[in-house]
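Heads up: the structure comes next, in structure tokens.
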Amino acid sequence: MTIQKKAFSAAELIIGIVILAFVSTTLLRVLNVNHEHVQKIKFQNALTSFKMALENVLINPLYYSSSADLSDVSLINIDDETFGGDTKFRELVLKELGIDFRGRFECEILEGDNVGVSGNCYKQDNGTIWGIPNTDFSTLNLKQAQNSLGSVSNYLPITIYVDPEVIQKTDYFEQNAILLGVRSDGVLTVLNTIDCDKEENQAALQCHTKDYLTITNKR
């Protein structure tokens, strides 16, 4: 009688373990899908905000004249503040995003072809972190890239972290940075710094940016 009870208990234990493993696997899959969905929504919101800010910068005659593009680094005065030089673009974009450009901190961003710690990182109220290098849209901190139409141009890399907690992790740039490129005429493209065909890079957000949405450049 005792042996039968023990055998029955062992069978129950094995069944319980199998059920628990199944439930755990299913739950992890659901959590991963939900996490990816949240990341996608956050990035889409960040992109929408950035495109609106960029458009406002481009069309405002107080920022750039109709005959000039973003390479115009001449000084302007807006609301008792001076903007100009290689910080002009960043500060105007941050202004349109509602971010105080004096509240900067350090994080890893892409500057030209190089990834490194920069003091030009800024957090939006919704938690999104923006890394925007100094630039003159002529030579400084630009990266060559091919857009969706196949043409190669110079772009200013914009580093985006949609989850502010990731910058506390190791190697957070490669796994968590999303990269956009801005051309001097305001055209956007998607950038990346890693080989997305390699298996070890499959989880990196850089390799999923184009899956989240497609940026179509008509120019």
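At most 14 other Cβ atoms within 10 Å and a DSSP loop assignment: could you name the GluC sites (Glu not before Pro) in the stretch 124-219 that fit? Passing both the DSSP loop test and the Cβ count: no residue.
With a Förster radius of 22 Å applied to the beta-carbon distance between Lys198 and Glu165, the computed FRET efficiency rounds to 0.30. When the trypsin sites (Lys or Arg not before Pro) in the stretch 52-131 are filtered for DSSP coil states and for at most 11 other beta-carbon atoms within 10 Å of their beta-carbon, the remaining sites are Arg102. Normalising the average separation of contacting C-alpha pairs (under 8 angstrom, six or more residues apart) by the number of residues puts the relative contact order of the stretch 33-137 at 21 percent. Taking the protein heavy atoms of the stretch 69-131 in the context of the full set of protein chains, the accessible area attributed to carbon and sulfur is 38 percent at 1.4 Å.
For a test of the definition: using alpha carbon positions, the gyration tensor, and the 1.5 limit on a/c, classify the stretch 26-178 as rounded, prolate or oblate. Verdict is prolate for the stretch 26-178. With the whole protein complex present, Glu36 retains an accessible surface near 110 Å², based on a 1.4 Å probe.
With both labels modelled 7 Å from their Cα along Cα-to-Cβ, the Gln124 to His37 distance reads 2.2 nm. Classify the stretch 97-219: rounded, prolate or oblate, from the alpha-carbon gyration tensor (a ≥ b ≥ c, eigenvalue square roots; a/c under 1.5 rounded; otherwise prolate if a/b is larger than b/c)? Oblate, since a/c reaches 1.5 and b/c is not below a/b.
Could you tell me which of rounded, prolate or oblate describes the stretch 70-148, using a ≥ b ≥ c as the square roots of the eigenvalues of the alpha-carbon gyration tensor, with rounded for a/c under 1.5 and, failing that, prolate when a/b is larger than b/c and oblate otherwise? Taking the square roots of the gyration eigenvalues as a ≥ b ≥ c, the stretch 70-148 is oblate.
Largest accessible area first, the residues Asp86, Asp197, Asp136, Asp79 order themselves as Asp197, Asp79, Asp86, Asp136 under a 1.4 Å probe with ligands, DNA and RNA left out. Here the stretch 47-74 and the stretch 139-170 have alpha carbon centers that stand 19 Å from each other.
The values are calculated or read from the model by the stated rules, or taken from the named source; none is laboratory data. Model, not experiment: these values are computed from the prediction. Virtual Cβ from ideal backbone geometry, glycine too; neighbours counted across all protein chains shown. Each accessible area value is taken on the protein alone, full model and side chains, heavy atoms only, with ligands, DNA and RNA left out. Shrake-Rupley method; radii C 1.70, N 1.55, O 1.52, S 1.80 Å.
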